[in-house]
Amino acid sequence: MSKQNLTRRGFLKGVTAGSTGVALLSLPPEAATTESSPVASENYPLAQSDQTETLHILTLQNLLPENLEKMRRFSPRVEYERVGSIEELNRRAADADAIFGRFTPDTLRAATKLKWIQYASAGVERILYPELVNSSIVLTNMARMYAPGIAETAMGMLLALARRIDDYVRQTDQHKWGNLDAVEIGGKTMGLVGFGGIGSTIAHHAHYGFGMRILAVDAKPLPKPPMADELHEPEWLMDMVPQCDVLVSAAPHTPITEKMFNEKVFRAMKQSAFFLNMSRGKLVDTPALVRALNEGWIAGAGVDVTHQEPLPAENPLWSANHVIITSHSSGSSPKRRGRAEGLFLENVRRYVNGLPLLNVVDKKRGY
């Protein structure tokens, strides 16, 4: 095979797909529901578990009663202790082997035997304290657990922008009748920056639901799925942007990605293109986005996350042309809690059986 044909994504395609299959086959029946998104695990040991010692989990989270009962059936060694405040969490931290949910640097300093943290959010940039990053503690997150709701919101935003539903709502409020020019999204090109849980779920809806052509960039060496026409390293971004009718931000917030959607990117987009930010607000240079909307560099934007949250009432993004803002709520759904607790339970099961955990975060890279 020539060097031109050998890429890290191509080389890893079979290996990564195989690891994913192994992870999915090992899920217990209660975790393998149609409401859960599949989660891949790297196929190597990620946490060492002494299968004779108690797993003492400390948390502020209140599990659903049926999930608490399931967890107790995994092993008599599992102890789940819920406390009422962060101060109590810190006082009790010395006894914890694992933490589920919120914690502080003080928690980490007190938790001298802590081995594992199951964080309750997908993004981890706010809790990458030096005490955690430089430790041997395994950090797992909720990647993919909120993706179904976020993806549906993204497609709803896109349809509203393309079909001018937002403008028709304003006309309805004004009791005004009038036809507005709209475009179809079927067959158009969507470009995604970040092809993890959120990006790949949005792409699935766009491709299989609307026949959209999918382009993507991602920092991880992911295998290219059949729904994607092209999947490249982040360096391909500026080659991808001019091809897109829809550009989607679905990447994590890191020092490298901060303000990556800036004037250069927005000016490279088609004037008819739409921008959707579904991951983190700090990936976007907000003044540049406001200019892009008001000066017609792009056709519209859907924004679920902003650089300041709550977004101040006086921020010009609120009044920019053809923008829809959903106040960091796109992941909301009655099903979300069940998926999140299901992932946590599966990781508890894996931990007490000495198996690799799901959704392990690379603490140095920040995702």
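The values are calculated or read from the model by the stated rules, or taken from the named source; none is laboratory data. On a predicted model such as this, the values are computed, not experimentally measured, just so you know. Every residue, glycine among them, receives a Cβ derived from its backbone with ideal geometry; neighbour counts consider all protein chains shown.
Select the helices (runs of 4 or more DSSP H) contained entirely in the stretch 46-161, then report the ones holding at least 1 residues which are among the polar types (S, T, N, Q) and over 30 Å from ILE325 (Cβ atoms).
65-74, 86-92, 105-110
For the stretch 158-188, name all the residues that are basic (Lys, Arg) and surrounded by 13 or more Cβ atoms within 10 Å (Cβ to Cβ).
Within the stretch 158-188, ARG163, ARG164, LYS188 meet the criteria.
Any residue that is within 30 Å of LEU68 (Cα to Cα), out of contact with any His (no Cβ under 7 Å at 6 or more places or on another chain) and at pLDDT 95 or above - is there at least one of those in the stretch 263-286? Quick ask: steps written out before the conclusion?
Going through the stretch 263-286, the residues within 30 Å of LEU68 (Cα to Cα) turn out to be none.
No, every residue in the stretch 263-286 fails to be within 30 Å of LEU68 (Cα to Cα), out of contact with any His (no Cβ under 7 Å at 6 or more places or on another chain) and at pLDDT 95 or above.
Residues in the stretch 92-118 that are of a type in the set (Ser, Thr, Tyr) and either closer than 16 Å to HIS56 by Cα or not assigned by TED's automatic domain parsing to the domain that holds VAL138 (or both): how many?
2
Looking at VAL241 and the list (1) crowded, with 18+ Cβ neighbours inside 10 Å; (2) within 20 Å of MET155 (Cβ to Cβ), which single condition is not satisfied?
VAL241 satisfies all of (1) crowded, with 18+ Cβ neighbours inside 10 Å; (2) within 20 Å of MET155 (Cβ to Cβ) except (2).
Considering only residues that are under 17 Å from THR257 (Cα atoms) and of a type in the set (Val, Ile, Thr), look in the stretch 189-213 and name the one that is surrounded by the most Cβ atoms within 10 Å (Cβ to Cβ).
Once the filter is applied, the top-ranked residue is ILE198.
Is there a residue in the stretch 297-308 that is of a type in the set (Val, Ile, Thr), outside the structural domain of LEU114 (by TED's automatic domain parsing) and under 30 Å from ILE99 (Cβ atoms)?
Scanning the stretch 297-308, I find at least one residue that is of a type in the set (Val, Ile, Thr), outside the structural domain of LEU114 (by TED's automatic domain parsing) and under 30 Å from ILE99 (Cβ atoms), so the answer is yes.
Hey, which of the helices (runs of 4 or more DSSP H) in the stretch 192-308, taking only ones fully inside, have at least 2 residues that are farther than 23 Å from ILE324 by Cα?
The helices (runs of 4 or more DSSP H) meeting that bar are 237-240.
Among the listed residues GLU184, GLU152, GLU131, which satisfies the condition of being under 30 Å from LYS364 (Cβ atoms) and acidic (Asp, Glu)?
Only one candidate qualifies: GLU131.
How many residues, within the stretch 121-157, are in contact with a helix residue (DSSP H, G or I) (Cβ under 8 Å, 6 or more places away or on another chain), crowded, with 17+ Cβ neighbours inside 10 Å and either under 18 Å from ALA251 (Cα atoms) or charged (D, E, K, R) (or both)?
Result for the stretch 121-157: 14.
I need every pair where a residue in the stretch 248-268 that is in contact (Cβ under 8 Å) with a residue 24 or more places away in the chain and under 16 Å from GLU233 (Cβ atoms) has its Cβ under 6 Å from the Cβ of a residue that is among the β-branched types (Val, Ile, Thr) and in a loop (DSSP other than H, G, I, E, B), sequence separation at least 6 or different chains.
Close Cβ pairs satisfying both conditions: ALA251/THR257.
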